[in-house]
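Trainee: If you scroll down you'll find the structure; I have some questions about it.
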Amino acid sequence: MKYIDKSKNLPQGDEIIDQLLSESWNAEESRYIGADYDGLRAPLYKVPLTDLLLDEQRMTCCYCMKVLQSTDVTIEHIIPQGITMDDMENYLVVRELTDHLIHKDRFDRTVEQQHPDKYPHDIAYSNLLASCYSQEHCNHFRGSKEIKPFFFDPDIELKVKYDVAGLIDCE
């Protein structure tokens, strides 16, 4: 497992999310329409977002370390999209998450916001990672199971190692 420095591309990632928010604001209805993960999957946002994620992850899957191409990437949420506000507290153990996002239900979608202090967790750049498309492991296998954000531990490469068979050995 490798350390992921989310600060590396955070300004550019936030710009993509700001663009989504700006283009999703419906003035007639005074609310955001499409400012959610489905909206983020549109090529206008997904392509540059995927490029940023792959850059900060050194072109590897956040879980299995497989080398990825931009065409074999699924966008992974550290904090699952459907998590309750109470359960979200279990994830708020690292600065990368606590400083940059709030639960999507706490984000006021009836007030237009330009570059908010905290983004809804379903689209917050700091909550997104690049994962491979494997059906047996990684993002699809994980689903909404709770994970600890080990990716953000600068010492993770000293704590988690892989043996020749690809099995994880951790301290």
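The values are calculated or read from the model by the stated rules, or taken from the named source; none is laboratory data. Because the structure is a prediction, the values reported are computed rather than measured. All Cβ positions, glycine included, derive from the backbone under ideal geometry; neighbour counts span all protein chains shown. Surface accessibility is based on the protein's heavy atoms, side chains included, excluding ligands, DNA and RNA. Shrake-Rupley method; radii C 1.70, N 1.55, O 1.52, S 1.80 Å.
Trainee: If Asn139 meets every condition in (1) open to solvent by 80 Å² or more (accessible area, probe 1.4 Å); (2) modelled with pLDDT under 85; (3) polar (S, T, N, Q) apart from one, which number is that one?
Mentor: (1)
Trainee: Something else: Go through segment 43-87 and give me each residue that's open to solvent by less than 30 Å² (accessible area, probe 1.4 Å) and more than 20 Å from Leu10 (Cβ to Cβ).
Mentor: Those that are open to solvent by less than 30 Å² (accessible area, probe 1.4 Å) and more than 20 Å from Leu10 (Cβ to Cβ): Cys61, Leu68, Thr74, Pro80, Ile83.
Trainee: Same structure again: Test of understanding: among Thr74, Thr60, which residue is in contact with a Cys (Cβ under 8 Å, 6 or more places away or on another chain), among the polar types (S, T, N, Q) and touching a residue at least 12 places away in the same chain (Cβ under 8 Å)?
Mentor: Just one listed residue meets the conditions, Thr74.
Trainee: With free of Cβ contacts under 8 Å to residues at least 60 places away in the same chain and either of a type in the set (Gly, Ala, Ser) or part of a loop (DSSP other than H, G, I, E, B) (or both) as the only criterion, which of Glu23, Glu29, Glu89, Glu15 stands out?
Mentor: Glu29
Trainee: If you don't mind, another one. Could you tell me which residue of segment 31-42 is farthest from the chain's Cα centre (by Cα), considering only residues that are farther than 12 Å from Ile75 by Cα and open to solvent by 60 Å² or more (accessible area, probe 1.4 Å)?
Mentor: Among those that are farther than 12 Å from Ile75 by Cα and open to solvent by 60 Å² or more (accessible area, probe 1.4 Å), it is Arg31.
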